[in-house]
1. Out of everything in segment 18-48 that is exposed (fewer than 10 other Cβ atoms within 10 Å of the Cβ) and β-branched (Val, Ile, Thr), what residue ends up being modelled with the highest pLDDT?
2. Quick one: in segment 81-124, which of the residues that are small (Gly, Ala, Ser) and assigned to a loop (DSSP other than H, G, I, E, B) is modelled with the highest pLDDT?
3. Working carefully through the options Leu127, Leu140, find the one that is within 20 Å of Ile73 (Cβ to Cβ), at pLDDT 90 or above and not polar (S, T, N, Q).
4. Which residues, taken from segment 143-158, are in a strand (DSSP E or B) and either under 17 Å from Tyr92 (Cα atoms) or modelled with pLDDT under 95 (or both)?
5. Which residue pairs have Cβ atoms closer than 6 Å, lie 6 or more positions apart in sequence or on different chains, and pair a first residue in segment 138-158 that is farther than 17 Å from Val67 by Cα and touching a residue at least 60 places away in the same chain (Cβ under 8 Å) with a second residue that is of a type outside the set (D, E, K, R) and buried (at least 18 other Cβ atoms within 10 Å of the Cβ)?
6. Answer yes or no as to whether Gln63 is touching a Ser or Thr at 6+ places or on another chain (Cβ under 9 Å), within 17 Å of Leu141 (Cα to Cα) and modelled with pLDDT under 90.
Amino acid sequence: MNKKYISILIICSLITVLCMGLVCAKSMQTQDFYSFKIDTPNGSNFVKEEIEIDEDNIFPGSQEAYVDEQNQIMIYYIDSPIFAGENNAIIYHALFSTLNPDANQSYEYQEDNLRVIETVTESEMNLQLVGLTSGNETILLIGTDVDLLKDMAHTVEF
C-alpha cells in the first residue's frame, strides 16, 4: 500500500515539474528586421531608435538599433568589418562600457559563437550583453536577462 502512494506522489511531482517548465518557458516569435531575422519574446514590440553610440564614426558601414521597452531589450545591428578582427574582444568591452557606464565590474567569456559580457556588481539597470559576429555583420543584444539574450542570439539569421 505504501508503494502505491509513493508511486502516485512521484508521478504527481513529475507532472508538476513538467507543467512548471512549460509555463515558465518564454515563448518566442520570429521577427524580420530586413538585415536579419531573430526570435524575440512573444508580444515584444521593437521600435527603431536613433541611438548614436558611434559619434566618431569608428564603425564604417550601416548601423541599426531596435528597442523593446517592455522587455528591456535592445538589438543593435552593425555591418562593419571592425568586429571581424582579432581585437573584437576589446571592441566589445569598450562598446559595453559606453552603453553601461554604471557597471564597474563585469566579466567576458566566449560561449559557442557568442561573446557574452555579464555585469558582476549590481548597477541601476544591471545590463548584460550578448554579441554575435558573422563576417562583417554583428548583432549586439543588450538587456537584463542574459539567458534570454543567449537564446535569442542562437536564432539570428543574417
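The values are calculated or read from the model by the stated rules, or taken from the named source; none is laboratory data. Please read these numbers as outputs of a predicted model, since none were measured by experiment. Every residue, glycine among them, receives a Cβ derived from its backbone with ideal geometry; neighbour counts consider all protein chains shown.
1. Among those residues, the one meeting the criterion is Val47.
2. To start, the set of residues in segment 81-124 that are small (Gly, Ala, Ser) comprises 84-85, 89, 94, 97, 103, 106, 123.
Cutting the leftovers down to assigned to a loop (DSSP other than H, G, I, E, B) gives us 85, 103, 123.
Values: Gly85: 67, Ala103: 61, Ser123: 58.
For segment 81-124, the residue satisfying everything is Gly85.
3. Details: Leu127 fails: at pLDDT 90 or above.
Testing whether each residue is within 20 Å of Ile73 (Cβ to Cβ), at pLDDT 90 or above and not polar (S, T, N, Q) leaves just Leu140.
4. Result: Gly143, single match.
5. Pairs found: Thr155/Ile38; Phe158/Phe36.
6. On the way: touching a Ser or Thr at 6+ places or on another chain (Cβ under 9 Å): yes; within 17 Å of Leu141 (Cα to Cα): yes; modelled with pLDDT under 90: yes.
Taking the combined requirement at face value, the residue satisfies it.
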